[in-house]
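Reading through the structure tokens given below for one structure.
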Amino acid sequence: MKLNNQFDSLDKEILKKLNVDARIPFTQLAKDLGISNSLVHQRINKLKQSGVINRPTYMLDPKILGYETAAYTSIAVTNAKFIHDIITELEKIPEVVECFNITGKYALVIKIFAINNSHLREVLYEKVHPIRGVEGTDTIITFETAFHRSVPIEI
């Protein structure tokens, strides 16, 4: 399989290195790739403008921050016309960290981090269920995240 054709091999090498360490200094990136600092800046700006790099952030460890419970909740909606309004309301819930619009019986799947199971129940019953258009939910609690990674950068 090929990555989008708008990226050449240098772009892909830069993306691979940034994927491992987004904090790598541009000077180190230039040295590792055998190119100039200015070329690194130009390419990274190009990657930002293309949208492939957006909002670089730190990955926080939920468990260290006290979130013992992680769950995926599938949401059934009463009518598809409510989906966008439901998404808008879900964005207001800090414990909801991801939201996916999917096919099938459930229209949405959200990822929730909670301090414990009681907190999860509170999020579901007091914040998610009251949203207009939410018909019901089905929640799976995770034991652990076995791994997490970004999409592969193929050459």
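The values are calculated or read from the model by the stated rules, or taken from the named source; none is laboratory data. Note that the coordinates shown come from a computational prediction; the quantities given were computed from them, not determined experimentally. Cβ atoms come from the backbone with ideal geometry, glycine included; neighbour counts cover every protein chain shown.
Is it the case that the range 123-144 has a residue that's surrounded by 16 or more Cβ atoms within 10 Å (Cβ to Cβ) and at positive phi?
yes
Quick grid of which residues meet (1) within 28 Å of residue 141 (Cβ to Cβ); (2) without any contact (Cβ under 8 Å) to a residue 60 or more places away in the chain; (3) in contact with a strand residue (DSSP E or B) (Cβ under 9 Å, 6 or more places away or on another chain); (4) among the basic types (Lys, Arg):
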residue	(1), (2), (3), (4)
20	no, yes, no, no
35	no, yes, no, no
45	no, yes, no, no
57	yes, yes, no, no
64	yes, yes, no, no
74	yes, no, yes, no
82	yes, yes, yes, no
97	yes, yes, yes, no
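Tell me which of these residue 120 doesn't satisfy, since it passes every other one: (1) more than 17 Å from the chain's Cα centre (by Cα); (2) closer than 30 Å to residue 23 by Cβ.
For residue 120, the failing item is (2).
Considering only residues that are among the hydrophobic types (A, V, I, L, M, F, W, C) and assigned to a loop (DSSP other than H, G, I, E, B), look in the range 128-155 and name the one that is nearest to the chain's Cα centre (by Cα). Before you say what the answer is, go through the steps one by one.
Filtering the range 128-155 for residues among the hydrophobic types (A, V, I, L, M, F, W, C) gives 128, 131, 134, 140-141, 143, 146-147, 151, 153, 155.
Checking the rest, the ones that are also assigned to a loop (DSSP other than H, G, I, E, B) come to 131, 143, 146-147, 151, 153, 155.
Numbers: 131: 23, 143: 19, 146: 16, 147: 14, 151: 11, 153: 17, 155: 24 Å.
Across the range 128-155, the extreme among qualifying residues is 151.
Do we have any residue at all in the range 73-90 that's under 19 Å from the mean Cα position of the chain (by Cα) and within 23 Å of residue 19 (Cβ to Cβ)? Show your work before the answer.
Keep residues of the range 73-90 that are under 19 Å from the mean Cα position of the chain (by Cα), which gives 73-75, 84, 86-90.
Okay, now just the ones that are also within 23 Å of residue 19 (Cβ to Cβ), so none.
Within the range 73-90, not a single residue is under 19 Å from the mean Cα position of the chain (by Cα) and within 23 Å of residue 19 (Cβ to Cβ).
For the range 9-47, give me the residue count where each residue is surrounded by 11 or more Cβ atoms within 10 Å (Cβ to Cβ) and modelled with pLDDT under 90.
Total meeting the criteria: 2.
Test residue 118 against the criterion of being farther than 30 Å from residue 9 by Cα and of a type in the set (Gly, Ala, Ser), and give yes or no.
Numbers: farther than 30 Å from residue 9 by Cα: yes; of a type in the set (Gly, Ala, Ser): yes.
Yes.
Inspect the range 19-34 for any residue being under 26 Å from residue 154 (Cβ atoms) and of a type in the set (Asp, Glu) and give the result as yes or no.
yes
Filtering the range 80-113 down to residues that are in a loop (DSSP other than H, G, I, E, B) and small (Gly, Ala, Ser), which residue is surrounded by the most Cβ atoms within 10 Å (Cβ to Cβ)? Before the answer, list the steps.
Filtering the range 80-113 down to residues in a loop (DSSP other than H, G, I, E, B) leaves 91-95, 102-107.
Next cut, small (Gly, Ala, Ser) only: 104, 107.
On the way: 104: 8, 107: 23.
Among those residues, the one meeting the criterion is 107.
Looking at the structure I just gave you, is residue 77 surrounded by 11 or more Cβ atoms within 10 Å (Cβ to Cβ) and touching a Gly at 6+ places or on another chain (Cβ under 6 Å)? Show your work before the answer.
Values: surrounded by 11 or more Cβ atoms within 10 Å (Cβ to Cβ): yes; touching a Gly at 6+ places or on another chain (Cβ under 6 Å): yes.
Yes, satisfied.
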